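Beneath this line is the structure, given in structure tokens, with notes to follow.
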Amino acid sequence: MSLKNLNTSIFTLFMLMNCSTVLAEKHLNSSSDIKSSQDLLNKLSNELHRLHRKENFDGTIIISSGEEELFRHSYGFSDRVTGLKNTPETVTDIGSISKTFTAAAILTLVSQGKLELETTIADIFPDSPIDKKGLTIRSLLSHSSGLDNFHNETDFDLMSKDEAIEKIFSLRLLGEQNKTIAYSNAAYTLLAAIVEEASKTSFQTYIYKNLLKPLKLNHTGFYGDDYISDAIVAKGYGGRDSGKTTFEKGLTWALVGQGGMVSSADDLSIWFNAILDGRLFPDSQDNLMLHKANAQWFLGNIRHFSSWGTSSYYAGGSTDFGYTALVQYLPDLQVSIVILLNSYIDKYGNASHQKLSKEHIFPILLE
């Protein structure tokens, strides 16, 4: 099936699953449309069930076009001991996808005129070290500031905001700003501190009031948030602390801004659609989340690249507890993929989210 025909087939697939009578009357050109669409659905379902039986992974996968779901299924258990099954409402750790919320907070402040992309560290923190003063918000967002990756030993180090800023300011620069692309978790913790300076409120409060509440992301939040019941948080299987959760660990400035968030597959799908359609910004403004910053990154902590001969927008994350997560958009096909796992696939480890998409979903969508 060609890429040109795949868009038609995927649309037909959705219609086939949801309104077959209308489909038959209005949307099918021939019986081959039905067959190709049903074949696509069957192949995708069969492959994912085959992999689940073989590798025993746990989690939820949602594939959609716009806000129309094409595929949704939950696998395995959120708690293997009690036998509690995963659902699309099950809450799990989203790892570095948390950075998209940090980026959105910064960019909404930019859209309101409270910050600028060229605002420097010195503008926010006048006493910052000389080698950090000229670093801009744009470069921090796009992993091109030159800052080293980590200011922490573990995600759960006891650390205040002031201690985190001090540690970040003491990091070496790996290269010159805007000439070195190097992934930096520390940059996103610094961005969270900048959100607090610009908004005059806590980072978590800003995220809740300006992003989570308007989108009704009721199953999304930070480690330990009391409005998220422990009972719906999936245990993670894999890594150092298999069978436990990160949610119970609490959150310090070792992780704020770069991680430390949980969500459900349903919420994550809504969030990713909001990123893609630009609804985070007024109608008259550009979608800053998808503004190209450099050869690898959009400003919204979304990577852009080509894979299997098609363009891809991607954010992902993993933890040592077995959690892995992915949101991915294929603009040529107008299809998005959400993967939220609470156990590693044994042969893929903490790259389970990436490999599941690339090795098991992509080939079927693109064949």
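The values are calculated or read from the model by the stated rules, or taken from the named source; none is laboratory data. Everything quoted here is computed from the prediction, not taken from an experiment. For neighbour counting, all protein chains shown are included, and Cβ atoms are generated from backbone atoms with ideal geometry for every residue, glycine included.
On inspection, Glu25 does not qualify as modelled with pLDDT of 95 or more and part of a helix (DSSP H, G or I). Check the range 257-264 and report whether any residue there is more than 23 Å from Ser352 (Cβ to Cβ) and in a loop (DSSP other than H, G, I, E, B). Yes, because at least one residue in the range 257-264 is more than 23 Å from Ser352 (Cβ to Cβ) and in a loop (DSSP other than H, G, I, E, B). For the range 136-161, the tally of residues that are part of a loop (DSSP other than H, G, I, E, B), more than 13 Å from Ala186 (Cα to Cα) and either under 22 Å from the mean Cα position of the chain (by Cα) or not assigned by TED's automatic domain parsing to the domain that holds Tyr188 (or both) stands at 1. You will find that of Ser343, Ser336, Ser357, the residue that is over 13 Å from the mean Cα position of the chain (by Cα), under 21 Å from Thr100 (Cα atoms) and not aliphatic (A, V, I, L, M) is Ser357 and no other. Just one of (1) out of contact with any strand residue (DSSP E or B) (no Cβ under 9 Å at 6 or more places or on another chain); (2) of a type outside the set (Ser, Thr, Tyr); (3) farther than 25 Å from Ala187 by Cβ; (4) assigned to a helix (DSSP H, G or I) fails for Asn210. It is (3).
When restricted to residues that are out of contact with any Asp or Glu (no Cβ under 8 Å at 6 or more places or on another chain) and surrounded by fewer than 19 Cβ atoms within 10 Å (Cβ to Cβ), the range 81-119 contains 13.
Taken over the range 291-310, the criterion of being over 22 Å from Thr102 (Cβ atoms) and either of a type in the set (Lys, Arg) or in contact with a helix residue (DSSP H, G or I) (Cβ under 6 Å, 6 or more places away or on another chain) (or both) is satisfied by Trp308 alone. The strands (runs of 3 or more DSSP E) located wholly in the range 42-132 include none with 2 or more residues which are free of Cβ contacts under 8 Å to residues at least 40 places away in the same chain and not assigned by TED's automatic domain parsing to the domain that holds Leu191.
The residues listed here are Thr220, Thr245, Thr252; of these, the one that is out of contact with any Leu (no Cβ under 7 Å at 6 or more places or on another chain) and either farther than 22 Å from His143 by Cβ or crowded, with 19+ Cβ neighbours inside 10 Å (or both) is Thr245.
With Ala198, Ala182, Ala187 as the choices, which residue is touching a Leu at 6+ places or on another chain (Cβ under 6 Å) and not in a helix (DSSP H, G or I)?
Result: Ala182 is the single residue among Ala198, Ala182, Ala187 that is touching a Leu at 6+ places or on another chain (Cβ under 6 Å) and not in a helix (DSSP H, G or I).
Check the range 218-237 and report whether any residue there is more than 18 Å from Thr90 (Cα to Cα) and either of a type in the set (Asp, Glu) or assigned to a helix (DSSP H, G or I) (or both).
no
Could you tell me whether Ala187 is within 16 Å of Ser96 (Cα to Cα) and either touching a helix residue (DSSP H, G or I) at 6+ places or on another chain (Cβ under 6 Å) or modelled with pLDDT of 95 or more (or both)? Reasoning before the result, please.
Details: within 16 Å of Ser96 (Cα to Cα): yes; either touching a helix residue (DSSP H, G or I) at 6+ places or on another chain (Cβ under 6 Å) or modelled with pLDDT of 95 or more (or both): yes.
It is true that Ala187 is within 16 Å of Ser96 (Cα to Cα) and either touching a helix residue (DSSP H, G or I) at 6+ places or on another chain (Cβ under 6 Å) or modelled with pLDDT of 95 or more (or both).
Pick from the range 162-179 the residues that are outside any helix (DSSP H, G or I) and either crowded, with 20+ Cβ neighbours inside 10 Å or not charged (D, E, K, R) (or both): which of them is farthest from the chain's Cα centre (by Cα)? Filtering the range 162-179 for residues that are outside any helix (DSSP H, G or I) and either crowded, with 20+ Cβ neighbours inside 10 Å or not charged (D, E, K, R) (or both), the one farthest from the chain's Cα centre (by Cα) comes out as Ser170. Within the set Tyr183, Tyr206, the sole residue that is touching a residue at least 60 places away in the same chain (Cβ under 8 Å), of a type outside the set (Gly, Ala, Ser) and more than 18 Å from Lys133 (Cβ to Cβ) turns out to be Tyr206. For the range 218-233, how many residues are in contact with a Gly (Cβ under 8 Å, 6 or more places away or on another chain) and closer than 11 Å to Val262 by Cα? So the answer is 4. The residues of the range 62-119 that are more than 27 Å from His291 (Cα to Cα) and either of a type in the set (A, V, I, L, M) or in contact with a Phe, Trp or Tyr (Cβ under 8 Å, 6 or more places away or on another chain) (or both), listed by number, are Leu70, Tyr75, Gly76, Arg80, Val81, Gly83, Leu84, Lys85, Asn86, Val91, Thr92.
Of Trp271, Trp253, all but one fail to be out of contact with any Phe, Trp or Tyr (no Cβ under 7 Å at 6 or more places or on another chain), part of a loop (DSSP other than H, G, I, E, B), farther than 16 Å from Gly322 by Cβ and not hydroxyl-bearing (Ser, Thr, Tyr); the exception is Trp253. Every condition in (1) touching a helix residue (DSSP H, G or I) at 6+ places or on another chain (Cβ under 8 Å); (2) at pLDDT below 50 is met by His73 except one, and the failing one is (2).
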